[in-house]
1. In region 24-70, which GluC sites (Glu not before Pro) are in a loop and have at most 11 other Cβ atoms within 10 Å, using DSSP for the loop call?
2. Just to check I understand the Karplus step: with θ = phi - 60° and J = 6.51 cos²θ - 1.76 cosθ + 1.60, what whole-Hz values come out for region 123-131, glycine and proline as x?
3. Accessible area of the chain with a 1.4 Å probe: how many percent of it is carbon plus sulfur?
4. What figure in square angstrom, to the nearest 10, would you give for the accessible area of His60 with a 1.4 Å probe?
5. Just to confirm, what accessible area per residue do you get for region 1-128 at 1.4 Å probe, in whole Å²?
6. Bin by bin, in steps of 5 Å, what percent of the Cα pairs in the chain do you find, going until the bin that has the longest distance?
7. What size of dipole, in debye to the nearest 20, comes out for region 25-145 about its Cα centre when the only charges are +1 on Lys and Arg C-beta atoms and -1 on Asp and Glu C-beta atoms?
8. Which links in Lys30/Lys114; Lys11/Lys43; Lys36/Lys99 stretch past 23 Å when you go from one Cα to the other?
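The values are calculated or read from the model by the stated rules, or taken from the named source; none is laboratory data. Small disclaimer: the values here were computed from a predicted structure and weren't measured. Here the Cβ positions follow ideal geometry from the backbone for every residue, glycine too, while neighbour counts run over all protein chains shown. Just so you know, the surface numbers come from the protein's heavy atoms only, side chains and all, with ligands and any DNA or RNA stripped out. Shrake-Rupley method; radii C 1.70, N 1.55, O 1.52, S 1.80 Å.
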Amino acid sequence: MKREEITVGYKCNASCRFCFYGCSPKDSLKSLEDIKRDILSCKFYGIEHIELSGGEPMLHEGIESVVGFCNQLGFKTICMITNGILLKDIDTMRSLQNKGLNQIVFSLHGADEKTHNYLTRAHAYGDLMKAIENAKILKIPFRIN
């Protein structure tokens, strides 16, 4: 495998009923220095594809810097696993794309708004759908988790 997932912390803006990290501190984030150290380690071991995850990676104030760092190191894929809430703004998504983000995994937890909102307790199905539409507009490849 040439793919590695880097967790930037467990802070999240949803409160999913099934979350594996539900017992983790809700506001925990890694330092930018620790994240970059993890990324350098991946590069050293020949990893070519990075997936940034959390919690919600968009809550890390240095996420654009992290994406840019991955891009500078030449990773083929720089992917973010996200609930999409903060990517409803196309300018935010475009800025990440300009830094090097070239793939997104959206976490969709129901076939309809009622189910998704019940499971995530975030009531943000509409935000996620807008983020998916933004990815289509910007031609950023995406998957649904």
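1. Values: sites: Glu33, Glu48, Glu51, Glu61, Glu64; in loops: Glu48, Glu61.
Answer by residue number: Glu61.
2. Ordered by residue, 3J(HN,Hα) equals 6, 10, 4, x, 5, 5, 4, 5, 4 Hz.
3. 52 percent
4. Its accessible surface works out to 20 Å², give or take rounding.
5. On the way: 6620 Å² over 128 residues.
For region 1-128, the solvent-accessible area averages 52 Å² per residue.
6. P(r) for the chain, in whole percents per bin: 2, 10, 20, 22, 20, 15, 7, 2, 0.
7. Values: 15 positive and 15 negative charges, 53 e Å.
Dipole about the Cα centre, nearest 20: 260 debye.
8. Details: Lys30/Lys114 33 Å; Lys11/Lys43 25 Å; Lys36/Lys99 15 Å.
Table pairs above 23 Å Cα-Cα are Lys30/Lys114; Lys11/Lys43.
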